[in-house]
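Every read-out reported here was derived from the displayed coordinates using simple, explicitly stated rules and does not represent laboratory data. The structure displayed is predicted, hence computed values, not measured ones. Every residue, glycine among them, receives a Cβ derived from its backbone with ideal geometry; neighbour counts consider all protein chains shown.
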Amino acid sequence: MNNFSMSVKSANDIIVIMPNGYVNDLGAEKLERACEQFFDKGLKKIVINFSDVQFINSIGASVFTSVVQKTLEYSSVLCFTNMKKIHRDVFDMLGITKHVRVFKDERDALNFLKDTE
């Protein structure tokens, strides 16, 4: 099960990352590198839309702690949207959701970020 892909779109100063498939260690590392590149370019608002994510393994989930750490280091805002209950439960258990904003859908996250500095 190594079917991971990722697409990216931007809306003004907001980046939306849409992972697809199975987020394992390799997939999560690709997400992490993408976020770092955006942070390095001075972009501070990132949405990760989980609507097309089927599975996240334990290593993939743990890499998200690193993404959250980078978000804090860069004084950025990270939002998760369209999460399945199982993924939300795991991220809650790992403490990840304490440091990100979670929204039902992408539109809600974009509306929130439009009003943030």
Exercise. When the chain is treated as a GNM, springs tying every alpha-carbon pair under 10 Å, which of Met83, Met93, Met18 comes out with the largest mean-square fluctuation?
Worked result: Met93
Problem set entry | Pair Gln69, Lys104: separation of 7 Å Cα→Cβ label points (nm) | 3.5
Problem set entry | Neighbour-count ranking [beta-carbon atoms within 10 angstrom, fewest first] of Phe55, Phe80 | Phe55, Phe80
Seminar exercise, completed: When the chain is treated as a Gaussian network with springs between alpha carbons less than 10 Å apart, the largest mean-square fluctuation among Ser62, Ser51, Ser75 is found at Ser75
For this session: Let me know the longest stretch in the chain that avoids all trypsin sites (Lys or Arg not before Pro) found in a DSSP loop with at most 11 other C-beta atoms within 10 Å.
Result: 42-103
For this session: Run through all the Cα pairs of the chain and give the fraction in each 5 Å bin from 0, expressed as whole percent.
Result: 2, 12, 25, 28, 22, 9, 2, 0
For this session: Among Ile59, Phe39, Ile96, flag the residue with its Cα farthest along the positive direction of the charge dipole of the chain, charges on Cβ as +1 for Lys/Arg and -1 for Asp/Glu.
Result: Ile96
Exercise. How large is ³J(HN,Hα), in whole Hz, for each residue of segment 4-14 in order, when computed from phi with the Karplus curve 6.51 cos²θ - 1.76 cosθ + 1.60 and θ = phi - 60°, using x for Gly and Pro?
Worked result: 10, 9, 8, 10, 9, 9, 10, 10, 6, 9, 10
For this session: In whole angstrom, note down how far apart the Cα centers of segment 68-83 and segment 1-67 are.
Result: 11
